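Notes follow once the structure below has been shown.
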Amino acid sequence: MTDANDTPTAVVAAAAVRVAETSFDEISYRELSTAVGISERTVYRHFPTRAHLLTRTALALEAQLFAPTVFTDWAGLHEAVAQRFGAFDQHPAEAALLARAASVSAVSGYDSSFFAASVSALVEETAPGLNPRDRRRTASALCWFASAGFWARCRTAFGAEAEEIYRFYRSSAREVLRAAPEGTWPQTALVGSQA
Amino acid sequence: MIGPAAEAEIIAEQLGLNRTSAEILAAYVELIEELGTDDVSMKLIARRAGVGERTIFRHYATRTDLLLGAASWADRVVFARPDYDSVFDLPLALRQTMTAYGQRPDLAFLVAEAMMRGAAGTDPAPSREHLERLLWQEIPDLQEDERRSVLAALCHLDSAGTWVALQREFGMAVHDIADAAAWSAEATLNPLRSRTGAHYG
């Protein structure tokens with residue numbers, strides 16, 4: 001496990017396992033170094049700050065537990081969100097870490113997720129007549145209501161579960177789509193947006 | 001020194017903080033802005049707040065407690081929401097709030113992250129009470145499920161997380177973030193406009 005390429009992956013895997021058992025802040029570099037069989041200094045070399053570790057661990061957990069379904073139409077997007085929220089309820093500690101990682105300053109510049117790119121593509125394809133500003137704020141609002149952050153906030157502050165959070169998402173998505181200038185959306189998008 | 005004096009004292013009381021705690025948090029928040037979250041020592045906080053290091057530990061047993069305290073303080077004092085007494089004024093207030101986050105990004109990230117630590121973190125929906133009261137007053141016949149849905153959406157938008165998400169995932173500039181957040185809140189409120197109580201309409 002001391003191969004140069006595998007070390008960070010092994011550290012992240014060791015951290016990911018612990019997320020369900022304890023608060024992320026309690027996971028020490030020392031215990032990770034012991035688990036992987038390397039020195040603590042090596043852990044620091046790969047993850048100079050805890051934000052680096054947080055980001056990488058969240059990415060690994062996302063790939064492992066919450067891999068987003070590919071979608072190319074509105075029904076597919078909504079289904080993907082429903083599934084994601086459902087998976088978050090199944091693994092709340094890991095989902096909360098995702099939400100937390102999304103709210104720290106990006107470790108390496110601005111990073112658009114696969115999900116955000118897919119939503120943007122969907123909006124652009126369905127409503128080519130929408131001006132760039134409306135397109136961008138529509139896509140960003142949809143993503144923000146489909147995010148782990150929305151799930152986490154609704155769960156902590158409102159005691160809501162996946163099913164209800166999905167309904168919140170659907171109402172918000174419906175209003176956001178309705179807010180676009182009249183005639184911009186083809187009928188198919190609006191039909192897809194009805195609850 | 002605690003920011004704009006009178007206001008900060010009221011907020012300290014609301015957060016259940018005594019004067020010393022409030023002074024420690026105010027000092028820490030100032031230092032985070034100057035040095036970043038990773039580089040502020042206890043010694044420095046103590047000196048800035050004019051207390052001993054032991055006093056800090058008596059008020060905040062762990063570094064995490066101190067960080068979470070600073071995050072609530074920053075959101076309530078540094079990013080104090082403008083006063084508004086109609087829920088339909090939230091979009092305008094949001095513009096101001098998002099602009100304030102954009103002017104102090106380090107603190108905005110601190111607040112956003114502290115709210116995403118689950119039950120152990122800071123309240124992820126601090127504007128809930130205010131918005132809930134306005135909704136009751138202005139749209140008294142709102143159904144329970146609809147009220148929850150609108151409230152969740154508005155609280156979500158009125159958070160540092162919104163600024164972070166729009167900045168990080170969409171690379172938006174400060175002005176565009178303020179615009180997008182206000183626009184989303186308008187959209188959320190649209191279906192309620194025709195339903196305000198008789199005494200308003």
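The values are calculated or read from the model by the stated rules, or taken from the named source; none is laboratory data. All of these numbers come straight from a predicted model, not from anything done at the bench. Backbone-built Cβ (ideal geometry, glycine too); neighbour counts: all protein chains shown. We work out accessible area using only protein heavy atoms, side chains counted, and drop any ligands, DNA or RNA first. Shrake-Rupley method; radii C 1.70, N 1.55, O 1.52, S 1.80 Å.
The calculated FRET efficiency for the pair A:Ser39 and B:Asp38, based on their C-beta separation and a Förster distance of 22 Å, comes to about 0.50.
Against the main long axis of the alpha-carbon atoms of chain B, helix B:5-14 sits at an angle near 80°.
On the beta carbon distance between A:Val70 and B:Asp65, with R0 = 45 Å, the FRET formula returns roughly 0.55.
In terms of the ratio Rg/(2.2 N^0.38 Å) built on C-alpha atoms, what value belongs to the protein assembly as shown?
Values: Rg = 21.8 Å, N = 396, 2.2 N^0.38 = 21.4 Å.
So the Cα radius of gyration is 1.02 times the expected 2.2 N^0.38 Å.
I'd like the projected area of chain B, averaged over all directions, using the convex hull of its alpha carbons. Report it in nm² with one decimal.
Working: hull surface 48.4 nm².
Quarter of the Cα hull surface area: 12.1 nm².
Using 11 Å as the cut-off for backbone N distance, which residues of region B:150-183 belong to the label zone defined by a point 7 Å from the Cα of B:Glu7 along Cα→Cβ? What the label zone holds, given the 11 Å backbone N cut-off, is no residue at all.
Over the protein assembly as shown, with the other protein chains present, what is the accessible area per residue in square angstrom, probe 1.4 angstrom?
Normalised by residue count, the accessible surface of the protein assembly as shown is 46 Å².
Helix-only mean residue ellipticity at 222 nm, chain A, DSSP H runs n ≥ 4 weighted -39,500 (n - 2.57), per residue, nearest 500. What is it? List each step's numbers first, then the result.
Details: 11 runs with 134 residues, N = 195.
After summing the helix terms and dividing by the residues of chain A, the value is -21500 deg cm²/dmol.
An ellipsoid equivalent to chain A, defined through the eigenvalues of its Cα gyration tensor, has semi-axes of 37, 18, 13 Å when rounded to whole angstrom and sorted largest first. Hey, if you drop one equal point scatterer on each alpha-carbon of region A:5-117 and run the Debye formula without solvent, what base-10 log of I(q)/I(0) do you get at q = 0.10, 0.14, 0.17 Å⁻¹? Scattering profile of region A:5-117, log10 relative to I(0): -0.33, -0.61, -0.85. Can you compute log10 of I(q)/I(0) for region B:5-78 with the Debye formula, treating each Cα as one identical point scatterer, at q = 0.20, 0.21 Å⁻¹? Values returned for q = 0.20, 0.21 Å⁻¹ are -0.78, -0.86.
Each Cα pair under 8 Å and six or more residues apart adds its separation to the average, and for chain A the resulting relative contact order is 20 percent.
If the chain linking A:Ser28 and A:Ala117 were pulled fully straight, counting 0.36 nm for each residue of separation and taking away their Cα-Cα distance, it would gain 28.6 nm.
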